[in-house]
Amino acid sequence: MPTSPSVTTGPAPASPPRTVRGRGIDLIVVLAALALAVWVTSGLWRDPNVRTITVNSSDQALFEWLLAFGGHALTHGENPLFTYLINVPDGVNLAVNTSITVYAVVFAPLTYLVGPPVTFLVILTLNLAATAVAWYVLFSRQLVRSRLAAAVGALFIAYSPGMVSHANAHLNWTAGWLVPLLIWRAFALRRPGHWLRDGVILGVLVAIAFSIAAEGLFFTALALGLFVIVWSLHPARRAEARAALPNFLRGLAVTAVVAGALLAYPLWLHFAGPQRFHGTGFDPVTHSEDIAAFGAYPRRSIAGEAGLGTSLAPNPTEENSFFGIPLLLLTVVCFVALWRRADPARRATLWALAAVAVIFGVLSWGPVAKFDGGRTDVPMPFDVLGQLPVVNAALPARLALVVAPVIGLLLAYTLDQLRSAPARRRRSTEVAWSIGFVVALLPLLPTPLLTDEREPIPRFITAGTWRDYVSSGGVLTPVPTAVDIYPDGQRWQAYALSHRQGEFRIPAGFFLGPGGPDGRGRIGPVPRPFSALMDQAARTGLVPIVTDGTLREVRADLAYWRVEAVVLPDQVHGAKFAVDQDAVRRTATALLGEPQRVDDVWLWRVPQD
């Protein structure tokens, strides 16, 4: 494990003026991190209750629902990891979904005070800023002497293309502040005499990370494990590794016990509970990183705004590499420069960092290599590893996110080395290095996320009128029925829960559950005839031919769900396309009869047997 420079060759204790200057730099970094976070999310800050992220409004609606449900579960003594409020009557196992339980509980007071959309935006903004600050603290206190170097490396990681793309509504992946904390506490396990305390702290942190970003925790554990193995096998570090191993293993055992105890029920739900599944509902070939994407520029960047962005990612939320050729070249130059001046001990660290970046980069190419949008049919290592349990639930493209911290650390190491070089030598090279850093990093400066106005929640919901037509805990369904591309039902439910109006349940919903091919997961439930007919009308604008058989299937679906009311608002939100509301109303009328007008919705009451 790498040793802090201050431990091995640290300078004499700093004088008070230097400490004051250091604190001033710390404050500037914190303010810069927060300013960039607000800049990236500025489109939502214009009106959080009205604006939505253009390219991923469905995930935004899902996380808002998770925040509302988590707070409701806390205050009503309900299970925060399994719910029957959506996907009636089967329910949803939230332990195999991104339940962000810790966020939902911690921010429950804010959710009840200002509503899920504002809470979502606050968490998203704080995630980005906290990620920069956490990496800065790790770098400046443990790895480099120069706070400028620490700031550049940390800000790059926090606002790297992958992090900015996941800021399109992913509260789990933008919680990058967890990674430096996990690294810090994992390396602390080697301290003699503190293995019990350090193991307990890391165990609690692992439980928190699992409850916010389980996939990110898994990737962090894999990367740390690979780094430690490669670092320990280097001849210059073997003796140190052997000496630290007993204490490290004791601390790791305590970590496993503490995390296992805290996560016993979530892990049982995840692997053996109801509504579980294996694998994922996403195609690993589609959701793998294009080799050319590493040298491309992301869309939400200065280069992207200048027309240099590409569409090599499966969608705008998965631009997990997109570093650009200049930064790749700068990284190689930094590595070579560091290697040439490094002693054997530092070379062990550089060698381990290179191994992590290369291996995770190659694994991110998925089962089959792609280049510039075309498949090469060349099998990749992930084709084998992707068959393993747990690994088969990960999207290979996201493994490229591990490369960004490696680059950020190499940038910080290089700047630190340059600033510690003799003044005469530094003057002769600083111009060239400055140009290199500017050319590599300036095009990657992030631009604000794209946002749009979203359809308002109807007065029928906000005024609580729905309670006159649905019994307490009864089932209400919007049309089209709620799924990822029609998130209205979960948005309405989130509003009702966070405003303490009571509970209504909905069929279907946006979640991951069983029902995919070969026992794998899928997005949402297996479609039933009623939901399929409504989806067809919404997409195509065509009203289907209704037969007696069609009516029997629809009645069976409504009885299966025990629906009491079917609701069509004046404005339906389609996450991927405009919804033909007139066709939906005519289709529902053909199936259910004439509706009644209630507030600002069309309503069909369903008789109960």
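Applying 1/(1 + (r/R0)^6) with R0 = 51 Å to the Cβ-Cβ distance of A239 and E78 gives a FRET efficiency near 0.40. Based on the reciprocal of the average 1/r between different C-alpha atoms, the Kirkwood radius for the chain equals 26.0 Å. With coordinates expressed along the principal axes, the C-alpha atoms belonging to region 402-509 extend over 81, 23, 23 Å, beginning with the largest. Here is the size of region 56-151 from its Cα atoms: Rg then Dmax, 17.3, 58 Å.
From the helices alone, meaning DSSP H stretches of at least four residues, give me the mean residue ellipticity at 222 nm for the chain, per-run term -39500 (n - 2.57), in deg cm²/dmol to the nearest 500.
Details: 23 runs with 322 residues, N = 609.
One gets -17000 deg cm²/dmol as the mean residue ellipticity at 222 nm.
Leaving out ligands and nucleic acids, note down the accessible area per residue over the chain with a 1.4 angstrom probe, in whole Å².
Details: 25740 Å² over 609 residues.
Spelled out: the 1.4 Å probe surface of the chain, per residue, equals 42 Å².
Rolling a 1.4 angstrom probe over the chain with all protein chains present gives an accessible area of which 63% lies on carbon and sulfur atoms. Computed on region 452-496, the Cα convex hull volume stands at 83 Å³ per residue. Coupling constants for region 445-450 follow from the phi torsions by the Karplus curve (6.51 cos²θ - 1.76 cosθ + 1.60, θ = phi - 60°), and in residue order they are 4, x, 10, x, 5, 6 Hz; glycine and proline get x. Rg and Dmax over the alpha-carbon atoms of region 324-473 stand at 24.3, 81 Å.
Accessible area, 1.4 Å probe, largest first: how do Y265, Y112 sort?
On the way: Y265 105, Y112 50 Å².
From most accessible down to least: Y265, Y112.
Peptides 594-601, 282-289 ranked from most to least packed by the mean count of surrounding Cβ atoms within 10 Å: 282-289, 594-601. Using a probe of 1.4 Å on the protein chains alone, the accessible area found for D372 is around 100 Å². The C-alpha atoms of the chain define a longest principal axis, and helix 195-233 lies at about 40 degrees to it. Counting only protein chain heavy atoms and rolling a 1.4 Å probe, the accessible areas of I183, I123, I25 rank, largest first, as I25, I183, I123.
W231: net charge of surrounding residues, Cβ under 15 Å, Lys/Arg +1, Asp/Glu -1, itself excluded? Mind dumping the intermediate values first?
Numbers: positive: R190, R237, R238, R242, R346, R347; negative: E240, D343.
Charge balance in the 15 Å sphere: +4.
Can you tell me the alpha carbon radius of gyration of region 75-119 divided by the globular rule-of-thumb value 2.2 N^0.38 Å?
Details: Rg = 11.7 Å, N = 45, 2.2 N^0.38 = 9.3 Å.
The reported ratio for this selection is 1.25.
Rg and Dmax, both from the Cα atoms of region 518-609 and both in Å, are 13.8, 45.
The values are calculated or read from the model by the stated rules, or taken from the named source; none is laboratory data. Keep in mind the model is a prediction, meaning the values are calculated, not measured. Backbone-built Cβ (ideal geometry, glycine too); neighbour counts: all protein chains shown. Areas reflect the complete protein model, heavy atoms only, side chains present, ligands, DNA and RNA absent. Shrake-Rupley method; radii C 1.70, N 1.55, O 1.52, S 1.80 Å.
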